[in-house]
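Notes for the one structure printed next.
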Amino acid sequence: MPKLNVLVAGSTGYIGIQLVNLLTKHKFVNIKYLCGNSSVGKNIALYDKKLKNKKLPKIIKFNYKFLKDVDIIFTALPNGEAQKISKKLLSNNVLIDLAADFRLRKSSDYLKWYKQKHKAPKLIKNSFYSLPELTGEKLKKYQIIGCPGCYPTSILLALTPLVKKKLIKNDNIIIDSKSGYSGAGRGVHKKYKNKNLYESLSAYGVSFHRHNSEIEQFLNKFSNSKIIFTFTPHLTPMFRGILSTIYVDLNKGRTTNNIYNELVRFYKNSNFVKVLKVGSMISTNDVINTNNCEISVCKSKYKNKAIILSSIDNLIKGGAGQAIQNMNILKNLKEQEGLK
């Protein structure tokens, strides 16, 4: 097949750089435009030495006239920017957004959680929230794809099969997630300038982190009763990676082995989700620089409870890799193309 012409908007952020790196390894992609603001005119290799010998265009300011030249627009921009671009899409374009612009199904929810008015509310119905292992090929009907956040990716991959099969109670799920500081973006050092990012662990967004809305919206689709959970994220003194520890109450007659067996069944044909043996102690180190998610089911000291561990690389499976995975499915390519 001919190569897909691609534009990356927001190409010098942590996820943008990761996306460009992966796209250079994709044999069906031609990077047509790299766009930025403060980086205009610069070579992207200034932001990552691994790109030094790649034949890549210089960074330029985004212009709507570029849309006629590209098949795929990846947006790794601040929230709200992809909404503007979405209103100018041509029939030959697909927009794949790595920010939060098309994750929520109601513009009122977007205003509530992101404190800004949605700039393209009428286009929400033309968009699709796509976590590939859980949503499959449904994205093929849509021109605007919203990629899940990094925390929700680690959490939803672990919980969705269990909620669908009614293996766990819906009213007391506790989620403790720890992320590398790259998840807060390139401005993390300014945002958390009073915290010692390299030697301390920090809780933040307690009870009201924006990803609560995304997790709740998705899980509620598979449940007869409202999902009630507590989610607490933490920044850790590492650059990348997420480990989510999820505490669940089992439904009557269910066991840890039932949970394990369902996850194994659900992901038996998955290229990227690996369900480890019961009781496996997992580490972010095993998923760093991959598009994989590792899940481990552990027994609790209480019979009616279980502990689920889920680990991903927030910049790849929780960001750039998942976006490419969505593009591959959309364009009928091998799901793992460019992601091995």
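Every number in this text was worked out from the coordinates using simple rules, so none of it is lab data. Everything quoted here is computed from the prediction, not taken from an experiment. Don't worry about glycine lacking a Cβ; one is built from the backbone with ideal geometry, like all the others, and counts go over all protein chains shown.
Amide H to amide H distances under 5 Å link Ile96 with Ile73, Phe74, Thr75, Ile145, where only residues 5 or more positions off or on other chains count and H is placed in the peptide plane.
Using unit Cβ charges (K, R positive; D, E negative) and no other charged atoms, how large, in debye to the nearest 20, is the dipole of the chain about its Cα centre? Can you show the working numbers first?
On the way: 57 positive and 21 negative charges, 123 e Å.
Rounded to the nearest 20 debye, it is 580 debye.
The value of relative contact order for the chain, using C-alpha pairs under 8 Å at least six residues apart, is 17 percent. Farthest toward the positive end of the dipole of the chain, out of Leu46, Ile59, Thr284, is the Cα of Ile59, where the dipole comes from beta carbon charges about the Cα centre.
Proximity of backbone amide H atoms, modeled 1.01 Å from N, is registered between His118 and Leu111 at under 5 Å, excluding neighbours fewer than 5 places apart on the same chain. Highest mean packing comes first when the peptides 14-24, 209-219 are listed by Cβ atoms within 10 Å, giving 14-24, 209-219. Pairwise alpha-carbon distances in the chain exceed 39 Å for 11% of all pairs. For Lys305, give me every one of the aspartates and glutamates with a C-alpha distance below 20 angstrom, ignoring sequence neighbours fewer than eight places off in its own chain. Answer for Lys305, where 20 Å is the Cα cut-off: Asp171, Asp176, Asp249, Glu262, listed by chain and number.
For segment 250-340, compute the orientation-averaged projected area of the C-alpha convex hull (one quarter of its surface), in nm².
Convex hull of Cα atoms, orientation-averaged projection: 6.5 nm².
Placing R0 at 35 angstrom, the Cβ-Cβ distance between Lys268 and Lys27 gives a FRET efficiency of 0.80 after rounding to 0.05. Structure shown: which of Lys87/Lys122; Lys3/Lys25; Lys32/Lys87; Lys25/Lys52; Lys164/Lys252 lie over 19 Å apart, alpha-carbon to alpha-carbon? Checking Cα-Cα distances, Lys32/Lys87 exceed 19 Å.
Check every DSSP H run in the chain and write down those whose alpha carbon atoms cover 20 angstrom or more along the long axis and whose mean Kyte-Doolittle hydropathy is 0.0 or greater. Show your work: numbers first, answer last.
Working: long enough: 150-164 (21 Å, 1.17).
Membrane-span-like by this rule: 150-164.
Here Lys58 is the anchor, and the aspartates and glutamates within straight C-alpha reach of less than 16 Å, apart from those fewer than 8 places off in the same chain, are Asp48. This model, with +1 at the C-beta of Lys and Arg and -1 at the C-beta of Asp and Glu, gives segment 249-316 a dipole about its Cα centre of some 480 debye.
Run the dipole for segment 151-314 about the Cα centre, Lys and Arg Cβ at +1, Asp and Glu Cβ at -1, nothing else charged, and hand back the magnitude in debye, nearest 20.
Numbers: 24 positive and 10 negative charges, 62 e Å.
Here the size comes out at about 300 debye.
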